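Working notes, structure below.
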Amino acid sequence: MAKQALAFRVPMANPGDTSALEALLDDGTVKAEEIVAVLGKTEGNGCVNDYTRPYAVEALKSALAPRLDCSRAAASARIGMVMSGGTEGGLSPHFLVLAERNGATPANGKRLAFGKATTRPFLPEEIGRIPQIRETAAAVGRAIRDAGISSDSDVHFVQVKCPLLTAQRHADAVARGARPATHDTYASMGLSRGASALGVALALGEIAESAVSDDAVCRDFELWSARASASAGIELTHSEVIVLGNSALWGGDLVIGHAVMRDAIDLGAIYDALAVAGLETTRQLTEEQRRRLRALLIKAEPSSNGEIRGRRHVMLDDSDILATRHARAFVGGVAAGVVGRTDLFVSGGAEHQGPDGGGPVAAICTAA
């Protein structure tokens, strides 16, 4: 018998609200032991001091540990908990719960499959450098095997939650005589995301081993992955890796597809991702189509040349609102207009994740 992938998108009233998830458990829709990962969009600023992310993780541990009959630490080790901060504009805070159930009938075709892996903890001086790239690539390989995905071409989205530098972590490294890649804690987020994305690209054969170097991270943007999504956070020192793809070994009715947005207003790529997942349309989704859409995951980034299709944008010049926050709100609005819902996993900071100013987009849908 095959495994069956399950995906549930549930709202949160605040970063510590797990009531909608617990309702799924209480009514038997899903069992705690079936949950593989929880991806969350929390309403913080998405920056270094965004404590809505660890707050949500702590709430998840508190909710799930008793149901798993284990410690809170064991719960977070067993279930991947990846929080992405920032729901600017009209984006809605929510959890995406990924679960697997045994005993499904094999499908006539490939179905959604996922696997997870973790890296070892990174030293502060390894963040944004080759050790992080290579460790991430190795973890992606393990997650692919865990998912039972037979070909790299069947991988459609790789979510990485990676660490960042704090002032204390930087100071600890300097005290040991080490030299981190930056002293700027905010800049460390981009370096960590960028190294993680290059690790994904290396694992999937999107870039050559010879292209990997410390100097390439957040400098050579000709190197990028079409399937990487990385989010940096203060709540961990290792990286969590979740691979999503399609496999003939899995049953059920869910399929994932992806495409690459070439810029922030590339609606065509969103339609393409939906079509690859079996949901073809050229207009805003109907109510029935919205029911079939289980998740939309996107990376957003302001273009570095300050333009979108030849017209100036000011995301990089705004001293009041960080550019990644502008990008999440802008791309989130574009995507919501396509699908007709706002609980979308739009993550800012797309260094080496898609082309400059664009980013990967993936859709999880029920098969027609």
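Which of the residues spanning the stretch 227-240 are part of a loop (DSSP other than H, G, I, E, B) and either out of contact with any His (no Cβ under 7 Å at 6 or more places or on another chain) or in the same structural domain as G310 (by TED's automatic domain parsing) (or both)? Give the steps one after another, and end with the answer.
So in the stretch 227-240, the residues part of a loop (DSSP other than H, G, I, E, B) come out as 227, 234-239.
The answer is I234, E235, L236, T237, H238, S239.
Name the residues in the stretch 177-195 that are out of contact with any Leu (no Cβ under 9 Å at 6 or more places or on another chain) and surrounded by fewer than 24 Cβ atoms within 10 Å (Cβ to Cβ), would you?
Selection gives G177, R179, G190.
Restricting to the stretch 326-358, count the residues that are buried (at least 22 other Cβ atoms within 10 Å of the Cβ) and within 18 Å of Y186 (Cβ to Cβ).
9
Need the failing condition index for G80 against (1) under 24 Å from A335 (Cβ atoms); (2) assigned by TED's automatic domain parsing to the domain that holds S151, just the number.
(2)
When you scan the stretch 45-55, how many residues do you find that are surrounded by fewer than 21 Cβ atoms within 10 Å (Cβ to Cβ) and not in a helix (DSSP H, G or I)?
The qualifying residues number 5.
Given the structure, is L112 under 15 Å from A228 (Cβ atoms), among the hydrophobic types (A, V, I, L, M, F, W, C) and buried (at least 17 other Cβ atoms within 10 Å of the Cβ)?
No: the conditions fail for L112.
Taking the stretch 56-77 on its own, how many of its residues are basic (K, R) and under 22 Å from the mean Cα position of the chain (by Cα)? Break it down into steps so the answer makes sense when it comes.
So in the stretch 56-77, the residues basic (K, R) come out as 61, 67, 72.
Next, from what is left, pick out any that are under 22 Å from the mean Cα position of the chain (by Cα): 61.
Qualifying residue count, the stretch 56-77: 1.
In the same structural domain as V155 (by TED's automatic domain parsing) and under 14 Å from the mean Cα position of the chain (by Cα), is that true of S213?
Criteria not met by S213.
I'm told V243 meets every condition in (1) touching a helix residue (DSSP H, G or I) at 6+ places or on another chain (Cβ under 9 Å); (2) among the aliphatic types (A, V, I, L, M); (3) not in a strand (DSSP E or B) except one. Can you identify the failing condition by its number?
Every listed condition holds for V243 apart from (3).
Just to check your reading of the model, which residue among R145, R111 is of a type in the set (K, R) and either at pLDDT below 95 or in contact with a Phe, Trp or Tyr (Cβ under 6 Å, 6 or more places away or on another chain) (or both)? Write out each step before concluding.
Details: R145 fails: either at pLDDT below 95 or in contact with a Phe, Trp or Tyr (Cβ under 6 Å, 6 or more places away or on another chain) (or both).
Residue meeting the stated conditions: R111.
Give me the pairs, please: first residue somewhere in the stretch 1-18 and in contact (Cβ under 8 Å) with a residue 12 or more places away in the chain, second residue anywhere and part of a strand (DSSP E or B) and of a type in the set (S, T, N, Q), beta-carbon distance under 8 Å, and either six or more positions apart or on two chains.
Final answer for the pair search is M1/N102; K3/N102; Q4/N102; M12/T42; P15/T42.
Only one of these is surrounded by fewer than 14 Cβ atoms within 10 Å (Cβ to Cβ), outside the structural domain of G46 (by TED's automatic domain parsing) and touching a residue at least 40 places away in the same chain (Cβ under 8 Å): R309, R292. Name it.
R309
Can we say K110 is among the charged types (D, E, K, R) and in contact with a Gly (Cβ under 8 Å, 6 or more places away or on another chain)?
no
Being without any contact (Cβ under 8 Å) to a residue 24 or more places away in the chain, touching a Lys or Arg at 6+ places or on another chain (Cβ under 9 Å) and on the phi < 0 side of the Ramachandran plot narrows it down to one residue among E135, E206; which is it?
E206
Take the stretch 19-35 and flag every residue that is within 11 Å of A99 (Cβ to Cβ), free of Cβ contacts under 8 Å to residues at least 40 places away in the same chain and among the acidic types (D, E).
E33, the sole residue that qualifies.
Among the numbered criteria (1) acidic (D, E); (2) touching a His at 6+ places or on another chain (Cβ under 7 Å); (3) loosely packed, with under 13 Cβ neighbours inside 10 Å, which one does D317 miss?
(2)
The values are calculated or read from the model by the stated rules, or taken from the named source; none is laboratory data. Keep in mind that what you see is a predicted model, and the values were worked out from it rather than measured. FYI the Cβ positions are ideal-geometry reconstructions off the backbone, even for glycines, and counts take in every protein chain you see.
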